[in-house]
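Structure record follows, encoded as structure tokens.
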Amino acid sequence: MLDIRGLRKTFNAGSPDEVRALRGVDLHIKAGAFVVVIGSNGSGKSTLLNAVAGGFLPDAGQIKLAGRNVTRWPEYRRAKLIGRVFQNPFSGTAPHMTIAENLALAARRGQVHGLGWSLSRHLRQAFRDRIRALGMGLEDRLDNEIGSLSGGQRQALTLLMAAWRKPQLLLLDEHTAALDPKTADQVIRLTQSVVAAENLTTLMVTHSMHQAVNLGDRLIMMHQGRIIRDFSAVAKKRLRAEDLLEQFNEVRRADQLDPGAAEMLKALYV
Amino acid sequence: MNLLLGSFTIGLILSLLALGVYISFRIFNFPDMTADGSITLGAAVAAILLVHGVAPIGATLAGAAAGAASGAVTGLLHTRFRINGLLAGILVMTALYSLNLHVMGRSNVPLLSTATLAKEAETVGLAALGGLPTLHCFGWEVSVCDMAMLVFTFMAVVVVCIGLYLFFRTNLGTAMRATGDNQQMIRALGVNTDTMIVIGLALSNGLIALSGALLAQYQGFADVQMGIGMLVWGLASVIIGEALVRSRGLAMTIVGAVMGSILFRLMVAIALRWGLNPNDLKLITAVFVFVALILPGLTAKIHRRKEASAHA
Ligand SMILES: Nc1ncnc2c1ncn2[C@@H]1O[C@H](COP(=O)(O)OP(=O)(O)O)[C@@H](O)[C@H]1O
Ligand SMILES: [Mg+2]
């Protein structure tokens, strides 16, 4: 389904702010898999998802999606295959447009935007039914500006939008990080049901150890632009949040063991 | 009364300019400076075609099409070559100055002896009223010619407004609005935002050039200088319109831009009647827009201060 080989990306190459965000990532994800990504801040998780979504061209490597080599496709073209929810609740919706208009745009993800009406009675009814199932009381607010909703409500709608047309791949980048714990739980439950309903292939970044051990059927850990751990379904089942924290600390200790050794390691790897 | 009638007509004609500015500035958040050049381009192309005997409708539409092309060029400079939007507009505007001189062949093309939409409207008006040259309306005597032109521009503006409203509710129009609202989101939904910006600026400058083509026919000449400061004029109209309707709904903002344009033209006409020096007009328009732009921030600040001192 998703096949990433030798992916590299350096930001601001050659300048003092040079960041080697991806240092050779290989990742193969089967159709229908739900893969959770964890890793410390700045380890390259968002960069990996952006590379898959087409936010920039990688320096090296190849990205194949649903059998097609999409490495050089522009972002808008990949959107035909990919549904996305961002960390920032403001990123995934057009704030000054109505709920119905936002959903209508999502209902045409990857389609040609011609001169047909964007909203039909039929479509509005479909939106109302689907939104009612959220239980957020939004079904009567289809014509309200989406910017008037709370962050949690917007993330829930963004999730619906990402999955309205079944995507080949669903990308979730810490999509509950900006929410309070209770709302985050709601959005996570919605995520599980949306993913399960259509058996979506999913790549989800999270900062929550709890989510990392309880969600998905595979867990990868990133560090300094590389994938350093990869737990398959069986190994993941035995994992507890404490184990993950221990893994994190291990990595951190390895980094800090001895400044001299760390320098040497850097010189070797970087 | 004739002052009122004239102001209404010019206000309506310039409301097309206001709608164009509304599309670039408000819908796309794009400070498009092309306007000053494209309004003249519309006038120049229409005027020269009229002089060469092209039918008024055809000449007017050709003027609008030329404006649309110039807007598309600004869009391409910005999206293809990643030139800053403001600069892209300035480049095209500057180039259009020479182009307009070439189109017209001189700096001013009079239209007094050629057929224009204004004269066609007059003919239709006279025929409809059985040849009466004047008309009594609420106790005033108005010339059929002025009235006919007002009715004609009104109808044209209504058609454009309805067309725009419907367009912005199609899939394409909705994607264009979303491009101005949240580019990241609409790209993630598969829309090529570059294309949207090019089409949007073409639409915007098409309307602005249409406004110029009508203005030239109404005032009876096209002049290479007529575009100077028009962008700010349109912006002033949009701002007044927003203050009038206080709504972000699509229909209301479109109507607001038209109302703002008419009201602004009326205010200017009255100020001129009271003895405002026409040379100061652009200065005052610019100051007006400046004040209107900083006012919301200023009132919010004062509000915050008051609140802070109330809490202290
Ligand atoms: N567009 C960019 N320009 C410059 N540096 C970037 C850019 N995007 C990410 N980075 C840098 O790349 C590194 C990895 O970032 P990111 O992938 O966002 O980490 P995270 O794992 O926290 O999501 C960070 O050091 C970040 O500052
Ligand atoms: Mg991140």
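The values are calculated or read from the model by the stated rules, or taken from the named source; none is laboratory data. These figures come from a predicted structure and were not determined experimentally. Glycine also receives a Cβ, built like all others from the backbone with ideal geometry; neighbour counts cover every protein chain displayed.
Report, by residue number, each residue of region A:1-20 that is under 22 Å from A:Gln168 (Cα atoms) and either touching a His at 6+ places or on another chain (Cβ under 6 Å) or within 10 Å of ligand 1 (Cβ to nearest atom) (or both).
Within region A:1-20, just A:Asp3 meets the criteria.
Residues in region A:55-69 that are outside any strand (DSSP E or B) and either over 13 Å from A:Leu7 (Cα atoms) or within 13 Å of ligand 2 (Cβ to nearest atom) (or both): how many?
To start, the set of residues in region A:55-69 that are outside any strand (DSSP E or B) comprises A:55-59, A:66-67.
Of the ones still in play, those that are also either over 13 Å from A:Leu7 (Cα atoms) or within 13 Å of ligand 2 (Cβ to nearest atom) (or both) are A:55, A:66-67.
Going through region A:55-69 one residue at a time, the tally reaches 3.
Quick one: in region A:150-167, of everything that is within 13 Å of chain B (Cβ to nearest Cβ) and assigned to a loop (DSSP other than H, G, I, E, B), which residue is nearest to ligand 1 (Cβ to nearest atom)?
Result: A:Pro167.
Being within 16 Å of ligand 2 (Cβ to nearest atom) and of a type in the set (Ser, Thr, Tyr) is the requirement here; does A:Thr206 meet it?
Working: within 16 Å of ligand 2 (Cβ to nearest atom): yes; of a type in the set (Ser, Thr, Tyr): yes.
Judged against the criteria, A:Thr206 is a match.
Residues in region B:21-46 that are out of contact with any Leu (no Cβ under 9 Å at 6 or more places or on another chain) and surrounded by fewer than 24 Cβ atoms within 10 Å (Cβ to Cβ): how many?
3
Can you find a residue in region B:262-270 that is at pLDDT 95 or above and within 22 Å of B:Ala64 (Cα to Cα)?
yes
Tell me the residue from A:Ala100, A:Ala107 that is under 22 Å from B:Thr193 (Cα atoms), under 22 Å from the mean Cα position of the chain (by Cα), at pLDDT 95 or above and more than 16 Å from ligand 2 (Cβ to nearest atom), please. Explain how you work it out, then say what you get.
Details: A:Ala100 fails: under 22 Å from the mean Cα position of the chain (by Cα).
Sole residue among the options that is under 22 Å from B:Thr193 (Cα atoms), under 22 Å from the mean Cα position of the chain (by Cα), at pLDDT 95 or above and more than 16 Å from ligand 2 (Cβ to nearest atom): A:Ala107.
Looking only at region B:223-232, decide whether some residue is assigned to a helix (DSSP H, G or I) and either surrounded by fewer than 16 Cβ atoms within 10 Å (Cβ to Cβ) or basic (Lys, Arg) (or both). Let's see the steps before the verdict.
Taking region B:223-232 and keeping what is assigned to a helix (DSSP H, G or I), we get B:230-232.
Cutting the leftovers down to either surrounded by fewer than 16 Cβ atoms within 10 Å (Cβ to Cβ) or basic (Lys, Arg) (or both) gives us none.
No - not one qualifying residue is present in region B:223-232.
Residue check: is A:Ala196 under 25 Å from A:Leu65 (Cα atoms), assigned to a helix (DSSP H, G or I) and more than 16 Å from ligand 1 (Cβ to nearest atom)? If you could, list the steps in order and put the result at the bottom.
On the way: under 25 Å from A:Leu65 (Cα atoms): yes; assigned to a helix (DSSP H, G or I): yes; more than 16 Å from ligand 1 (Cβ to nearest atom): yes.
When the stated conditions are applied, A:Ala196 passes them.
Is it the case that some residue within region A:21-35 is over 18 Å from A:Gln168 (Cβ atoms), touching a Gly at 6+ places or on another chain (Cβ under 9 Å), among the acidic types (Asp, Glu) and modelled with pLDDT of 95 or more?
Here is the first cut: in region A:21-35, the ones over 18 Å from A:Gln168 (Cβ atoms) are A:21-26.
So of that shortlist, the ones also touching a Gly at 6+ places or on another chain (Cβ under 9 Å) come out as A:21-26.
Imposing the further condition that a residue be among the acidic types (Asp, Glu) reduces the set to A:26.
Now restrict to residues that are modelled with pLDDT of 95 or more: A:26.
Scanning region A:21-35, I find at least one residue that is over 18 Å from A:Gln168 (Cβ atoms), touching a Gly at 6+ places or on another chain (Cβ under 9 Å), among the acidic types (Asp, Glu) and modelled with pLDDT of 95 or more, so the answer is yes.
Taking region A:55-99 only, how many residues are among the aliphatic types (A, V, I, L, M), touching a helix residue (DSSP H, G or I) at 6+ places or on another chain (Cβ under 8 Å) and closer than 24 Å to A:Ala156 by Cβ? Talk me through it step by step, then tell me what you get.
Going through region A:55-99, the residues among the aliphatic types (A, V, I, L, M) turn out to be A:57, A:60, A:63, A:65-66, A:70, A:79, A:81-82, A:85, A:94, A:97, A:99.
Checking which are touching a helix residue (DSSP H, G or I) at 6+ places or on another chain (Cβ under 8 Å) leaves us with A:63, A:65, A:70, A:79, A:82, A:85, A:94, A:97, A:99.
Now restrict to residues that are closer than 24 Å to A:Ala156 by Cβ: A:79, A:82, A:85, A:94, A:97, A:99.
Of the residues in region A:55-99, 6 are among the aliphatic types (A, V, I, L, M), touching a helix residue (DSSP H, G or I) at 6+ places or on another chain (Cβ under 8 Å) and closer than 24 Å to A:Ala156 by Cβ.
State all residues of region A:233-253 that are within 18 Å of A:Gln211 (Cβ to Cβ) and loosely packed, with under 12 Cβ neighbours inside 10 Å; if no residue qualifies, say none. I'd like the intermediate steps shown before the answer.
At the first step, the residues of region A:233-253 found to be within 18 Å of A:Gln211 (Cβ to Cβ) are A:233, A:235-248.
Of everything in region A:233-253, those that are within 18 Å of A:Gln211 (Cβ to Cβ) and loosely packed, with under 12 Cβ neighbours inside 10 Å turn out to be A:Lys237, A:Arg238, A:Arg240, A:Glu242, A:Leu245, A:Glu246.
Any chance you could count how many residues in region A:169-184 are within 12 Å of ligand 2 (Cβ to nearest atom) and hydroxyl-bearing (Ser, Thr, Tyr)?
0
Scanning for something within 13 Å of another protein chain (Cβ to nearest Cβ) and either within 16 Å of ligand 1 (Cβ to nearest atom) or among the hydrophobic types (A, V, I, L, M, F, W, C) (or both), does region A:126-149 turn up at least one residue? Spell out how you get there, then give the answer.
In the first step, residues of region A:126-149 are kept if they are within 13 Å of another protein chain (Cβ to nearest Cβ); the result is A:143-148.
Next, only the ones that are either within 16 Å of ligand 1 (Cβ to nearest atom) or among the hydrophobic types (A, V, I, L, M, F, W, C) (or both) stay: A:146.
Yes, there is a match, as at least one residue in region A:126-149 is within 13 Å of another protein chain (Cβ to nearest Cβ) and either within 16 Å of ligand 1 (Cβ to nearest atom) or among the hydrophobic types (A, V, I, L, M, F, W, C) (or both).
Being surrounded by 11 or more Cβ atoms within 10 Å (Cβ to Cβ), in a helix (DSSP H, G or I) and of a type outside the set (A, V, I, L, M, F, W, C) is the requirement here; does B:Arg248 meet it? First the steps, then the outcome.
On the way: surrounded by 11 or more Cβ atoms within 10 Å (Cβ to Cβ): yes; in a helix (DSSP H, G or I): no; of a type outside the set (A, V, I, L, M, F, W, C): yes.
Spelling it out, it is not the case that B:Arg248 is surrounded by 11 or more Cβ atoms within 10 Å (Cβ to Cβ), in a helix (DSSP H, G or I) and of a type outside the set (A, V, I, L, M, F, W, C).
Taking region A:61-88, which residues are within 16 Å of ligand 1 (Cβ to nearest atom), on the phi < 0 side of the Ramachandran plot and in contact (Cβ under 8 Å) with a residue 40 or more places away in the chain? Before you say what the answer is, go through the steps one by one.
So the first thing to find is which residues in region A:61-88 are within 16 Å of ligand 1 (Cβ to nearest atom), and the list is A:61, A:63, A:75, A:84-88.
If we keep only those that are on the phi < 0 side of the Ramachandran plot too, we end up with A:63, A:75, A:84-88.
Selection gives A:Ile63, A:Arg84, A:Val85, A:Phe86, A:Gln87, A:Asn88.
Return the residue satisfying two criteria in turn: it lies in region A:34-54 and is without any contact (Cβ under 8 Å) to a residue 24 or more places away in the chain and assigned to a loop (DSSP other than H, G, I, E, B), and of such residues it is nearest to A:Gln224 (Cα to Cα). Break it down stepwise before answering.
So in region A:34-54, the residues without any contact (Cβ under 8 Å) to a residue 24 or more places away in the chain come out as A:41-42, A:50.
Now narrow it down to the ones that are assigned to a loop (DSSP other than H, G, I, E, B): A:41-42.
On the way: A:Asn41: 9, A:Gly42: 7 Å.
Result: A:Gly42.
So, in region A:199-211, of the ones that are part of a loop (DSSP other than H, G, I, E, B) and more than 13 Å from ligand 1 (Cβ to nearest atom), which residue ends up farthest from A:Ala162 (Cα to Cα)?
Across region A:199-211, the extreme among qualifying residues is A:Ser208.
Go through region A:54-75 and report how many residues are within 12 Å of chain B (Cβ to nearest Cβ), closer than 18 Å to A:Leu170 by Cβ and surrounded by fewer than 21 Cβ atoms within 10 Å (Cβ to Cβ).
At the first step, the residues of region A:54-75 found to be within 12 Å of chain B (Cβ to nearest Cβ) are A:54-55, A:73-75.
Among the residues that remain, those that are also closer than 18 Å to A:Leu170 by Cβ are: A:54-55, A:73, A:75.
Okay, now just the ones that are also surrounded by fewer than 21 Cβ atoms within 10 Å (Cβ to Cβ), so A:55, A:73, A:75.
Total satisfying the criteria: 3.
Just checking, how many residues over region B:48-67 are more than 10 Å from B:Gly212 (Cα to Cα) and buried (at least 24 other Cβ atoms within 10 Å of the Cβ)? Let's see the steps before the verdict.
In the first step, residues of region B:48-67 are kept if they are more than 10 Å from B:Gly212 (Cα to Cα); the result is B:48-59, B:61-62, B:65-66.
Remaining after also requiring buried (at least 24 other Cβ atoms within 10 Å of the Cβ): B:50, B:59, B:66.
So the answer is 3.
Please work out if B:Leu96 is within 14 Å of chain A (Cβ to nearest Cβ) and in a helix (DSSP H, G or I).
no
Can you tell which of A:Asp180, A:Asp173 is within 16 Å of ligand 1 (Cβ to nearest atom), at negative phi and of a type in the set (D, E, K, R)? Can you show your working first?
On the way: A:Asp180 fails: within 16 Å of ligand 1 (Cβ to nearest atom).
When all the criteria are applied, what remains is A:Asp173.
Return yes when A:Ser15 is within 16 Å of ligand 2 (Cβ to nearest atom), part of a loop (DSSP other than H, G, I, E, B), among the hydroxyl-bearing types (Ser, Thr, Tyr) and away from chain B (no Cβ under 14 Å) and no when it is not. Please lay out each step first, then the result.
On the way: within 16 Å of ligand 2 (Cβ to nearest atom): no; part of a loop (DSSP other than H, G, I, E, B): yes; among the hydroxyl-bearing types (Ser, Thr, Tyr): yes; away from chain B (no Cβ under 14 Å): yes.
The answer is no for A:Ser15.
Within region A:37-48, which residues are buried (at least 17 other Cβ atoms within 10 Å of the Cβ) and either modelled with pLDDT under 95 or within 8 Å of ligand 1 (Cβ to nearest atom) (or both)? Reasoning before the result, please.
Initial filter on region A:37-48 (buried (at least 17 other Cβ atoms within 10 Å of the Cβ)): A:37-39, A:43-48.
The answer is A:Ile38, A:Gly39, A:Ser43, A:Gly44, A:Lys45, A:Ser46, A:Thr47, A:Leu48.
Restricting attention to region B:174-202, which residues are more than 9 Å from every other protein chain (Cβ to nearest Cβ), surrounded by fewer than 24 Cβ atoms within 10 Å (Cβ to Cβ) and closer than 26 Å to B:Val157 by Cβ?
Within region B:174-202, B:Val198, B:Ile199, B:Ala202 qualify.
As an exercise: evaluate A:Asn88 against (1) within 16 Å of ligand 2 (Cβ to nearest atom); (2) crowded, with 18+ Cβ neighbours inside 10 Å; (3) under 20 Å from A:Val194 (Cα atoms) and give the number of the one condition it does not meet.
For A:Asn88, the exception is condition (2).
Would you mention how many residues in region A:87-114 are closer than 24 Å to A:Ala178 by Cβ and more than 7 Å from chain B (Cβ to nearest Cβ)?
Narrowing region A:87-114 to residues closer than 24 Å to A:Ala178 by Cβ: A:87-99, A:101-103, A:105-106, A:109.
Right, trim to more than 7 Å from chain B (Cβ to nearest Cβ) and you get A:87-90, A:98-99, A:102-103.
The qualifying residues number 8.
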